[in-house]
1. Under a no-solvent Debye model with one identical scatterer per Cα of the range A:82-134, what's log10 I(q)/I(0) at q = 0.13, 0.16, 0.22 Å⁻¹?
2. Where the convex hull is taken over the Cα atoms of the range C:36-83, what is its projected area averaged over directions, in nm²?
3. Find the percent of Cα-Cα distances in chain D that exceed 27 Å, and round it to a whole number.
4. Aspartates and glutamates within cross-link reach of D:LYS17: Cα-Cα under 12 Å, excluding same-chain residues under 8 positions apart?
5. Provide an ascending nm list, one decimal, of label-point separations from D:PRO7 to the equivalent residue in each further copy; define each label point as 7 Å from Cα along Cα→Cβ.
6. Once you put a point 7 Å from the Cα of F:THR29 and another 7 Å from the Cα of C:THR59, both along the Cβ direction, what distance in nm separates them?
7. Tell me the distances, shortest first, between A:ALA58 and the same position across the other copies, using label points 7 Å along Cα→Cβ, in nm to one decimal.
8. Taking a point 7 Å out from Cα toward Cβ as the label site, list the nm distances between B:ALA18 and the same residue in every other copy, smallest first.
Number of protein chains: 6
Amino acid sequence: MPTVQPPPDPEQHPRVKAVFDDMRATRHTDYVNRFWRTLAFDPDLLERTWAEVKQVMATPSHLDPLTKEMVYIAVSVANGCGYCVHSHTASARAKGMTEAQHAELLAVIAVAGKTNHLVTALQVPVDPVFDAAR
Amino acid sequence: MPTVQPPPDPEQHPRVKAVFDDMRATRHTDYVNRFWRTLAFDPDLLERTWAEVKQVMATPSHLDPLTKEMVYIAVSVANGCGYCVHSHTASARAKGMTEAQHAELLAVIAVAGKTNHLVTALQVPVDPVFDAAR
Amino acid sequence: MPTVQPPPDPEQHPRVKAVFDDMRATRHTDYVNRFWRTLAFDPDLLERTWAEVKQVMATPSHLDPLTKEMVYIAVSVANGCGYCVHSHTASARAKGMTEAQHAELLAVIAVAGKTNHLVTALQVPVDPVFDAAR
Amino acid sequence: MPTVQPPPDPEQHPRVKAVFDDMRATRHTDYVNRFWRTLAFDPDLLERTWAEVKQVMATPSHLDPLTKEMVYIAVSVANGCGYCVHSHTASARAKGMTEAQHAELLAVIAVAGKTNHLVTALQVPVDPVFDAAR
Amino acid sequence: MPTVQPPPDPEQHPRVKAVFDDMRATRHTDYVNRFWRTLAFDPDLLERTWAEVKQVMATPSHLDPLTKEMVYIAVSVANGCGYCVHSHTASARAKGMTEAQHAELLAVIAVAGKTNHLVTALQVPVDPVFDAAR
Amino acid sequence: MPTVQPPPDPEQHPRVKAVFDDMRATRHTDYVNRFWRTLAFDPDLLERTWAEVKQVMATPSHLDPLTKEMVYIAVSVANGCGYCVHSHTASARAKGMTEAQHAELLAVIAVAGKTNHLVTALQVPVDPVFDAAR
């Protein structure tokens, strides 16, 4: 159960319907997942959030769509957001992630999580050569 | 200052020297950064950690090297490991990350961090369609 | 299922009963939620935890009760504690949080989560003007 | 040192200058802090981020400005973003947060952090009464 | 439901069977928990992860087995990994953790979580006396 | 620099002096570290926090003092609190932690961090056998 009461028929609200229609056209699927149906409790927040997700994730850019989904999964894992891990793993698969790539992604996330903990436990000071301005 | 006292001349220890030599050959650089110099306080931990990082990050695989570095950055940002963000941003640049790709990476990490917070605040239940077994 | 076995009838223990009675009187409700019923497995920990929560959250102070609940929700979201998000969202509503305020709270949490990620990814050094001693 | 090279004279770029000018007018101060000066390495990201922060934090709304700053601090503390804690503590003071309110805010954040850890360690299942739809 | 499709009969794969057999012999139990059954979707990742867990957690060393389980629980709580909290609490009990020790462990985790939040909110600079090299 | 202005001569305040005196007697050292000197900006918060830390960490109990320090380090690492990692590593050393135990502690924290990430990425459902009530 969510912490807000999502509207039972969200598309009766014209602004919600417009967002959902754009989402269906952008993603080439009729399915609108629960995050968006829940967020529809506030059309303002829904519109602004979708505009940003569309702009960052669904607009051709300097990173390919699958790489962006894998980065999204990585952030969601480290932040412990189970729903987000599920939804973006499904998106990554829809964008062509193979099982072998998924296993590799998990291995990178795991070793990053491990060395993050080691570095924090060791409190290693930053090397001057990492200076972006050099 | 780190929480352990790294050996002043770590390469006097033959197992440490072997790891550092392999690292230099693998990474095509003479520079060994402070994380490894600090971890050298325990040759066992150094050997095992390097073996894993080399295997995951420096072995040809199903993901290209730059994608792996960007995933590493993403995990490190979400875990709040400043040193790791610095060192893997430097690695990503060394592997060809352009400034435009870097900006795009930051935008994806930022929107993921944002929606992770929204989903957790809303406590959205997982959609059955995300089931990997379907 | 919890990781401890909560006592089946916790109020048979006089110290537990005293805490629950004080909780009911303080909160003006008969309902004692599962966190407290679970914590009752150790009366010491229960007593000390309730004493602190009562002192911080239920004593008139320099911040109004609803603001304190919203801060509690914010911390719980960032820490990924689903139960805590649920229980304190319910408390905030009981203290008068409107749906519009809830949406606004989510928007602030979301933008904070986003810029936290951006700042960590950028590793921005602290501005001297932020010095509290200036 | 940041992970990107901020432009030495960012306001030579007209889009950056426009953002900084709007920021100065909105915040009633000439000072533009390092986060924004660093983010200026990518005018797109700068514009979009400022537009959102302005919209959420600097537009009259259902929550008063000081409450929003305190929620921002709470999220930033739980996410471990030191820079963000500094900058929003400075903002909260500029918006009237007294020392007594600050101490109270810290007490709420601390007890939330504590009970978040307890609930996660106990794995307490959510009470049905927290259902927003009831 | 997990994000990968675990093999329905994982022990048909000889490398998976070898890992599970070693796990049963090492842990003195026939039960192989779901984490390992899920990870079996990639025998490489399964082998490497088990080799490390066995080496760190199930090899006689400078810390006793129960202390290591309690440290594991502590990390898992702070990282918000519910499954890990459950599985390592069960392991700690199997290694002799009493209810009183469990309550004490929770109290330490709770006060650490609390002071972590306070220190981050206060941004306390590190004392020179903590220097490991002194 | 901290986010509050610590009192320049905190022990002029009798309640602060009483806390510091008790701290010196309890810990058998004259040194009062910066966390407490900073927290002295609010004598209430100082008194309550020290009372809890003393009760949990410095009172004979079911866990030995070194184990408690190692659990504290583990939580602090996972929460990314650098100051806390430093101060409790120094405390653990003062309570007898050897270099070999420290290396082992880091190895446990690292593998826990790693498997936490794997489990979250896999979204493994909890095994019924972990039920504490069985």
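1. These q points yield log10 I(q)/I(0) values of -0.55, -0.71, -0.86.
2. On the way: hull surface 15.5 nm².
If you wrap the Cα atoms of the range C:36-83 in a convex hull and average its projections, you get 3.9 nm².
3. Details: 3242 of 8911 pairs.
More than 27 Å apart: 36 percent of the Cα pairs in chain D.
4. D:ASP9, D:GLU47
5. Sorted ascending, the copy-to-copy spacings read 4.1, 4.9, 4.9, 5.6, 6.7 nm.
6. Going from the F:THR29 label point to the C:THR59 one covers 3.0 nm.
7. 3.0, 4.2, 4.7, 4.7, 5.8
8. Sorted ascending, the copy-to-copy spacings read 2.3, 6.2, 6.2, 6.4, 6.8 nm.
Quick note: the coordinates plus some simple rules give every number you see, no bench work behind them. As the structure is a computational prediction, the values presented were derived from the model and not from experiment. FYI the Cβ positions are ideal-geometry reconstructions off the backbone, even for glycines, and counts take in every protein chain you see.
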